[in-house]
1. Looking at this structure, is residue B:315 polar (S, T, N, Q), outside the structural domain of residue B:105 (by TED's automatic domain parsing) and out of contact with any His (no Cβ under 8 Å at 6 or more places or on another chain)?
2. How many of the residues making up the range A:53-75 are more than 9 Å from chain B (Cβ to nearest Cβ), of a type outside the set (A, V, I, L, M) and part of a loop (DSSP other than H, G, I, E, B)?
3. Is there any pair with a first residue in the range A:146-160 that is closer than 22 Å to residue B:451 by Cβ and a second that is polar (S, T, N, Q) whose Cβ atoms are under 6 Å apart and which are 6 or more apart or on different chains, and what are they?
4. Being more than 17 Å from residue B:456 (Cα to Cα), within 11 Å of another protein chain (Cβ to nearest Cβ) and β-branched (Val, Ile, Thr) narrows it down to one residue among A:139, A:80; which is it?
5. Spot the failing condition for residue A:152; the list is (1) more than 10 Å from chain B (Cβ to nearest Cβ); (2) open to solvent by 80 Å² or more (accessible area, probe 1.4 Å); (3) over 21 Å from residue B:441 (Cα atoms), and only one is missed.
6. Has the range B:287-301 got any residue that is hydroxyl-bearing (Ser, Thr, Tyr) and either part of a loop (DSSP other than H, G, I, E, B) or farther than 16 Å from residue B:63 by Cβ (or both)?
7. Look through the range B:437-469, keep the residues that are of a type in the set (Val, Ile, Thr) and touching a Phe, Trp or Tyr at 6+ places or on another chain (Cβ under 9 Å), and return whichever of them is nearest to residue A:41 (Cα to Cα).
Amino acid sequence: MSILVAIITLTVISTIFGVLLGYTSVKFHVEGDPIVDKIDALLPQTQCGQCTYPGCRPYAEAITSGEAGINQCPPGGEATMLALSDLLGIEPVALDEEHADEPQKTVVYIDEQICIGCTLCIQACPVDAILGAAKQMHTIIENECTGCDLCIPPCPVDCIHIKTVKPEQDTWRWSLPASTETAPKA
Amino acid sequence: MTRSSQQLWHFHGGLKLDSNKAMSTRTPIIKASLPERLVLPVQQHIGEAGQLLVKVGDKVLKGQAVTESSEYISAPVHAPTSGTVVEIGEFPTPHPSGLNTLCIVIESDGEDEWIELKPTLYPNTKSPSELRQLIRQAGIVGLGGAAFPTSVKVNPGPKAHIETLIINGVECEPYISCDDMLMREYAEELISGCSIIQYIVSATHCLIAIEDNKPEAIQAIKTVIKEKALHTIEVVCIPTLYPTGGEKQLIKVLTHKEVPSDGFPSDIGLLVQNVGTAVAVHKAIVLGEPLISRIVTITGNGVQQPQNIEVLIGTLISELIKQSGGYHEDASKLIMGGPMMGFTLQTDHLPVIKGSNCILVENTQAEAPATMPCIRCSACATVCPAQLLPQQLYWMASSKKFDLIQDYHLFDCIECGCCAQVCPSQIPLVQYYRFAKTEIWNQERDKIKSDHARVRHDFRQARLDKEKKERAEKLRKKKELLEKKKMAETAAKKEDTETEIDPKKSAIEAAMKRVQKKKEAKLASDENVNEK
């Protein structure tokens, strides 16, 4: 008899919870993947494709699915890798050797004497930072350029060049003092 | 406010340091000789840089504004003497980075001819907002070192009610004596400036705080107050302890109140101004003169004649050293500011800017002792005037834990250097905090930039999708139209053939009939011929 009571009780409870879960999963359904949004928010949004994915969001999706590692973003450098490791609870991974240095901020500029106005770079720019029209000279809006360099390969006359962003007094950073590990031990 | 006269409180920590001020206070302030060339950085203050008002070749008069700005937090720069603008370009300026910044170079014509000045002899006849506007136009910034535009600071907003104005004449950092000398020699101007600021912010009280190691300054100011029989201005002599000159520390000592961590003194009814700023306000309002000069202490064991010099903004430091007898042979290090909070300069070919209070020439030859590992002695926490945990901050900064370090209130650190001073392991702690602060600011800038890029990328993506859809829709419509046309045509053809087949057939039939008839006729005629 008592076993029957137990079975009935558990069945009732599980039915109630089942209904509740079913209801909430419909009622509070979230469109898209919030984890992807969170990862995307940490990426530098250069849309450069150096991670081998076609943009920052696809890379975020690839990280979420476990397909890509967290150390594939050269423009983000170590800071982005650490932030991702913090967010996802993954052990930090060393950056690929070629990207181990601190990423240097760059923008591109168009040699306007050479530009033929083919609009190919405009089509390649992921953030609409190039201004121009067919057979008209093009120019880069420097403030909007993310330095992804995607406009360089399509240019048929090689008139787009990279320049590093000069540090200014208000954006200058103090360096980390030489580590104590290198000091003689007491 | 009711405060029993002379009751003072303590802030946490602090250090007693050798003041080393006497070497530069032996002689009165001298006026620097007129330099031939002045280098004026466009940005000498916290906030937005102004727009240039002059171009190369322009003649300028002493006191003429050479930049202006429509931004709220900004201050214009004025020509310190009359002459010609000979160059506008990037030059090195005193900044820890050693980077160049946009400067206007003026060659003096030796006339030192003033622009027409508009003095306001009776400031009380003008409204506070008019006076604030005058302060703004005079380009006045906080002369204690932070260089925050004064016109903004004396406008605490409609909600804040300023009860007490505190004039900071503490000057707690060793070696520096420019405020001390200013109070001794410009006491009258100082009191006038205090009254003006007091009127602008409608403060009921004004306290002038001076450390007890400056008896001459205290005496000079007390005399003026007595002469003028001012009852709302009071001189408070406070014990010498570094860093009492810090805004929050001084407020704690004078009022026992604490400024909220992310707040301003105006939140608790207080406003703190440096003595130099008060004198500059007096000059700007009563004389109509913009901020074009300041008093700089040239001191240290590496210079021949330590002294205070009143110098035009933009004068090169090398000139000041020359006028102070030049370097000692063993001079080794040039510092802007004091030994605790100053920063090292790489060269003396740098202009004096509005925030330059002291040029310290050191002669220590000894190498800095090697840094040892932190032993967690917590001596730093004992002396920290902001009640932080310097060793925790140090660990977090060195392991780049920038989120955590902000939870430990890194941004309350005033970089006074007490922690590094007492550290038995000689760890350059302040440099770690400066590193963390600038790194966090940089990350914030990057975040804003990447968010902006994301918005633009998403917008572009949406636009491309929309264009694609529109094109597909157009194509579909065209196809549909074509198909409809085709269908209509074939249908028409079908109908045509159905209706046109009969006449054709009949025509053929008729033709065939005609041929038949002809054939028959021919046959008949043939037969007739044969019969004949």
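1. Judged against the criteria, residue B:315 is not a match.
2. Count: 11.
3. The qualifying pairs are A:146/A:46; A:147/A:106; A:148/A:46; A:148/A:47.
4. Values: A:139 fails: within 11 Å of another protein chain (Cβ to nearest Cβ).
Result: A:80 is the single residue among A:139, A:80 that is more than 17 Å from residue B:456 (Cα to Cα), within 11 Å of another protein chain (Cβ to nearest Cβ) and β-branched (Val, Ile, Thr).
5. (2)
6. Step one: filter the range B:287-301 for residues hydroxyl-bearing (Ser, Thr, Tyr), giving B:293, B:297, B:299.
From what is left, the residues that are either part of a loop (DSSP other than H, G, I, E, B) or farther than 16 Å from residue B:63 by Cβ (or both) are B:297, B:299.
Yes, that holds for at least one residue.
7. Result: B:440.
Listed here are the residues, each with its yes/no results for (1) in contact with a Leu (Cβ under 8 Å, 6 or more places away or on another chain); (2) within 14 Å of chain A (Cβ to nearest Cβ).
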site: B:82; (1), (2): yes, no
site: B:85; (1), (2): no, no
site: B:90; (1), (2): yes, yes
site: B:109; (1), (2): no, no
site: B:141; (1), (2): yes, no
site: B:149; (1), (2): no, no
site: B:159; (1), (2): no, no
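The values are calculated or read from the model by the stated rules, or taken from the named source; none is laboratory data. Keep in mind that what you see is a predicted model, and the values were worked out from it rather than measured. So basically every Cβ, Gly included, is an ideal-geometry build from the backbone, and we count neighbours across all protein chains shown. To get the accessible areas, we keep the full protein, side chains included, count just its heavy atoms, and leave off ligands, DNA and RNA. Shrake-Rupley method; radii C 1.70, N 1.55, O 1.52, S 1.80 Å.
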